[in-house]
Amino acid sequence: MPRSHQTARPTPGTSDIMTTDLLVIGGGAGGMSTALFARRRGLDVLLCEKTDQVGGITSTSGGTIWAPGTALSETVGPRDRTDDARRFLRSVVGDRGGEALREAFLQAAPAAIAELHDHTDVKLAAAAAHPDYLDGPGSAHGGRALAPLPFDARELGADFVRVRPPRREFLAPGGMMVGRNELDALLKPFSSFSHLRQTLSLFLRLASDRRAHARGTRLVMGNALVARLLLSLRKHGVPILFEWSLTDLLVTDGRVTGATFHTPEGNRTILARKGVVLATGGIATNATLRDRLFPLRNMKSLAPATNSGDGVEAGLRAGAGLDNGGDSPALWMPCSSRRLKDGTDLTWPHIILDRAKPGLLAVDGAGRRFVNESSSYHDFCMGMIADNRRTACMPAWLICDRAFLREYGLGMVWPGTRRIGHLIRAGYLFRGRTIDELARAIGVDAATLRETVARYNTLAQSGADTDFGRGSSAMNRFNGDARCTPNPCLRPVGAGPYFAMAVLPADLATSAGLTGDIDGRVTDESGQPIAGLYACGNDLTSLFRGTYPGPGTTLGPALVMAWRIANHVAGGTAITAQTATAAPPMANAELSLQ
């Protein structure tokens, strides 16, 4: 049971040193959950965040958590079996290494998720249908992917402004968040009474919110997860130091004993009796590490610009090993980019709304198909990168006809959009009355593109993509259009005009990172733990070795490793069956040395 909360305070005789049990650096899901789990085990914890808001990459993500074997899966069907997930991961990851890390994850996932859901404000629901990204022995159609329940940010009071907003591109007009299961109603509000009622309800709530807030207070996806973690930290009295930027780790006799920071009040030091946890978002925008590990230069990152690899760099200076992530140093999304008149660059990740739908094909710079367009965003980009290694042929182009554009939309072109001239003039969308004219507009060989479209149409008419297997997996079909038979991902490209949109790989998270053991202890180049140093989330190399098994396979391991770290630091004190007594909340749970 936690002892009464002890506010971190300066060491006697100094004005710039504080001491705590566990120092957590980084306010994303990994860092916040580590701090929460550790506090529930009676540890004094300090959480330092580089910016003035928590959330990091998590706040702009879908918030899905891939966690096999949880009790929550029973709410949507038979309980997901850990043994099935074990067989599935064996088929996906194969002999790429990291078996011990994956086994530790599988064993801990049910208990970690149970503690979050049952004893904190992090409330989750299992998805009845959210398939793993690959078919294989033990793959799941539902129950394995978890999502945070919508959250009313008014519960946070003044702390709502401390939650990093989602990407501007993903906000509906007025700053309203919309869940995946609400998109259909919002895009087609007049298609049914229920759609109209749902749409009106969302906008009425937004109108009420905007009287007092800069954006809607109904949070979903990653924003909901971040807000729920923040509320839990507040209730447990965990201090959060905002705008504390890591400068270096302190090492004494081979043990990490604290860290130094740059703060608004100057340089400060925090000493940690039991350990320091790095959870700063991974390599992210760090130019040096990206150039060292990434397959191409100048690739866009979807991480906040402030996620600049501080934790990874500090770990390396302390002697940590660096792993290249296995098959890929990062997890990728195909993204289109649009520049507004004011110079703002918008980036749209093509996740589920267009690529898998029937009537679209993707070609490379030579005008040829190169991948199953309905594959996961990561595997789509892996196909793009492999194709580019053979012949420089980026960007790739998503191509469709007018009927597709009207029905499904394309990137930032919403379904049913009629005014598209400004998007064409901006160079975001390309149009041609014929395939040859479209080819000239995007700079590919017309004869090759004509041949590619003809071949695609032949396959679509047969209902079987024998070239790339489009529509052959559960995930492909789930993201397709069930009204299109026999293959929900295939239909011929019809009459013109025709449209194209350029996409390039952008990293949503990194697989490469610091090496570590099953309890999140950072290891050196020889594989030995560095005393007092832990890492989780993207600062730690991915346990899936550069593969992407299913939705939420970054957040799932981050939360579970946070649980294992807290248990290890607390000496194996795992809290799984009862609620620990929370410390009384502080007024705002922030500290200042002034």
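If you take the square roots of the eigenvalues of the alpha-carbon gyration tensor of the range 198-331 and sort them as a ≥ b ≥ c, do you get rounded (a/c under 1.5), prolate (a/b over b/c) or oblate?
oblate
Sorted by packing (mean other beta-carbon atoms within 10 Å per residue), highest first, where do 556-562, 232-238 land?
Result, highest mean first: 556-562, 232-238.
Between His213 and Arg450, what is the label-to-label distance in nm when each label sits 7 Å out along the Cα-to-Cβ direction?
The answer from the label model is 5.6 nm.
Please give every one of the aspartates and glutamates within straight-line cross-link reach of Lys341, meaning a C-alpha to C-alpha distance under 16 Å, and leave out same-chain neighbours fewer than 8 residues apart.
Glu169
State, to one decimal in nm², a quarter of the convex hull surface area for the C-alpha atoms of the range 305-444, i.e. the direction-averaged projected area.
The Cα convex hull of the range 305-444, projected and averaged over all directions, gives 10.7 nm².
Mind checking the per residue accessible area of the range 457-526 for me, 1.4 Å probe, whole number of Å²?
With the other protein chains kept in place, the range 457-526 gives 38 Å² per residue.
By its C-alpha gyration tensor, with a ≥ b ≥ c as the square roots of the eigenvalues, how is the range 322-377 shaped: rounded for a/c under 1.5, else prolate for a/b larger than b/c, else oblate?
Details: a/c = 1.85, a/b = 1.08, b/c = 1.72.
Cα axes put the range 322-377 in the oblate bin.
For the range 554-571 and the range 387-443, write down the distance between their C-alpha centroids in whole Å.
About 44 Å separates the Cα centre of the range 554-571 from the one of the range 387-443.
Indicate the helices, whole DSSP H runs only, in the chain that combine a mean Kyte-Doolittle hydropathy of 0.0 or more with a Cα extent along their long axis of 18 angstrom or more.
99-119, 193-209, 221-235, 555-569
Determine the calculated [θ] at 222 nm for the chain from helices alone, applying -39500 (n - 2.57) to every DSSP H run no shorter than 4 residues and normalising by the residue count; nearest 500 deg cm²/dmol.
My calculation for the chain gives -9000 deg cm²/dmol from helical runs alone.
Could you tell me the distance between the Cα centroids of the range 329-377 and the range 447-487, to the nearest Å?
The distance from the Cα centre of the range 329-377 to that of the range 447-487 comes to 17 Å.
I need the fraction of alpha carbon pairs in the range 252-361 separated by more than 18 Å, rounded to a whole percent.
It works out to 65 percent of all Cα pairs.
At 7 Å along the Cα-to-beta-carbon direction for both Ala114 and Thr288, put a label point, then send me their distance in nm to one decimal.
A separation of 4.5 nm, rounded to one decimal place.
The values are calculated or read from the model by the stated rules, or taken from the named source; none is laboratory data. Because the structure is predicted, anything quoted here is derived from the model rather than measured. Virtual Cβ from ideal backbone geometry, glycine too; neighbours counted across all protein chains shown. Areas reflect the complete protein model, heavy atoms only, side chains present, ligands, DNA and RNA absent. Shrake-Rupley method; radii C 1.70, N 1.55, O 1.52, S 1.80 Å.
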